[in-house]
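These notes are about the structure you will find just below.
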Amino acid sequence: MKIRLIIMNFLQFFVWGAWMMTLGHYGFVEKQWNGAEFGLVFSTMGFASLIMPTLFGIIADKWKANYVYSILHLLFGITMCFLPLIDAPIPFFWVLFVAMSFYMPTIGLNNSIGFGLLKNEGKDPTTYFPPIRVWGTIGFIAAMWITNVFTKEWGFGMSIKVSFIISAIFAFVLSLFSFFFLPVLDGKKEKSAQTKKTFAQKLGLEAFILFKQKKMALFFLFSLFLGGALQLTNAYGDSFLQDATVFPKGELINNFSTIILSISQISETLFILAIPFFMKRFGIKNVMLFSMIAWVLRFGLFGIAQNSIPGFIFIIASCIIYGMAFDFFNISGALFVEKNTDSKIQSSAQGVFMLMTNGVGAVIGNIVAGLVIAKWFEDPVTHVKDWQGIWFTFSAYALVIAILFVIFFKYKHVKEEVADFRH
């Protein structure tokens with residue numbers, strides 16, 4: 001069972017990593033879209049996160065989760081096959097939106113299937129699932145490396161559109177694997193309990209009552225603001241490193257851009273291991289603040305990076321700091337929600353947290369970032385970008401959020417709350 005769950009997690013994030021990090025270069029260079037057009041295209045993940053995971057979660061609860069999971073990956077793979085055929089940004093947006101509407105629900109289903117199967121074997125998911133989930137990050141990294149080989153001149157020299165086909169092929173593999181090799185979960189007990197829930201409860205709407213509390217309202221507001229920054233380097237990082245006006249073609253940074261960026265994902269796995277220490281030593285609020293400061297550095301280091309040895313070091317440092325920037329807020333935020341909400345609505349409250357960061361925040365962040373780039377940091381004719389201005393603007397935004405967070409968000413560190421904290 002452990003091996004099957006490892007394969008599932010590996011493929012789950014492989015099909016995402018195959019194309020997401022190179023989408024910026026595909027849009028800006030191969031298709032010559034401007035910042036506003038690409039910002040809209042990259043916002044599809046946020047739009048798809050607004051309601052689709054909840055709706056398909058309800059369907060999975062009423063039917064067999066692994067079959068829903070399998071069908072969603074099949075539909076995702078089919079939709080991805082159409083992307084290489086599209087040139088205009090608006091049709092591309094709609095097709096990618098459909099694809100992400102199929103994909104985003106599978107992230108939650110991947111977790112719930114893993115939890116359910118481990119429980120059926122009498123194993124505690126808190127202990128057994130994290131080492132399995134790490135293979136998802138490994139899958140994401142492996143996909144980035146493979147895409148780098150297929151799309152660089154020193155490799156196969158193919159168009160970046162091949163990344164969509166690679167993703168589709170492995171989505172089909174995962175669909176078949178889920179259908180034939182994952183046991184069907186017995187959902188009778190869960191179904192009988194869920195019939196007592198109202199539709200609003202299933203959608204997680206009852207958790208919105210938390211906005212009446214000043215502390216929770218502020219937390220969700222900062223989650224939204226920081227959510228606007230969470231995907232920016234994933235959207236623009238590879239395009240930056242592949243920009244020949246900054247990093248000449250044929251040289252190290254341009255040639256191995258996607259592999260270099262994969263250091264960010266490797267860093268994630270290492271910082272996850274460090275979270276218990278930071279939680280116990282500094283507390284939830286400070287760990288969230290460390291994340292915001294890390295975002296300032298993540299963007300700022302890209303801003304001062306040039307085609308030189310010190311510039312290369314700055315890029316590597318930015319990739320290393322990404323692990324703290326991304327994981328520290330997501331995990332400390334989830335723990336804050338757990339500690340400050342009633343047990344009856346904890347799952348719904350976690351859903352609101354994800355909605356504010358990966359849904360509303362991501363949508364607003366990507367669209368606004370695209371408009372800002374198009375208006376102030378991009379030549380309207382040649383599409384050449386002022387990358388230093390872009391990264392420093394993002395860094396300044398994160399710094400303002402961090403300062404406001406220190407001033408307005410009040411939360412006292414109680415060591416006992418995180419004394420037994422484990423991922």
| Does K119 satisfy the condition of being assigned to a helix (DSSP H, G or I) and surrounded by fewer than 20 Cβ atoms within 10 Å (Cβ to Cβ)? | yes
| query | Looking at L297, is it buried (at least 18 other Cβ atoms within 10 Å of the Cβ) and in contact with a Ser or Thr (Cβ under 9 Å, 6 or more places away or on another chain)? | reply | yes
| Of all residues in region 221-236 being among the aromatic types (F, W, Y) and surrounded by fewer than 24 Cβ atoms within 10 Å (Cβ to Cβ), which is nearest to I364 (Cα to Cα)? | F225
| message | So, in region 100-126, how many residues would count as being without any contact (Cβ under 8 Å) to a residue 24 or more places away in the chain and either within 14 Å of N9 (Cα to Cα) or not basic (K, R) (or both)? | response | 5
| message | Anything in region 46-59 that is surrounded by 24 or more Cβ atoms within 10 Å (Cβ to Cβ) and out of contact with any Gly (no Cβ under 6 Å at 6 or more places or on another chain)? List them, or say none. | response | A48
| query | Within region 24-41, is there a residue that is aliphatic (A, V, I, L, M) and in a loop (DSSP other than H, G, I, E, B)? | reply | no
| Has region 47-69 got any residue that is part of a loop (DSSP other than H, G, I, E, B) and modelled with pLDDT of 90 or more? | no
| request: Determine whether region 369-390 contains at least one residue that is touching a residue at least 60 places away in the same chain (Cβ under 8 Å) and within 15 Å of the chain's Cα centre (by Cα). | output: no
| field | Pairs with Cβ under 8 Å, 6+ apart, first in region 24-49 and in the same structural domain as F76 (by TED's automatic domain parsing), second among the aliphatic types (A, V, I, L, M) and outside any helix (DSSP H, G or I) | value | H25/I160; Y26/I160; E30/I160
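The values are calculated or read from the model by the stated rules, or taken from the named source; none is laboratory data. Please read all numbers here as calculations on a predicted model, not as lab measurements. Backbone-built Cβ (ideal geometry, glycine too); neighbour counts: all protein chains shown.
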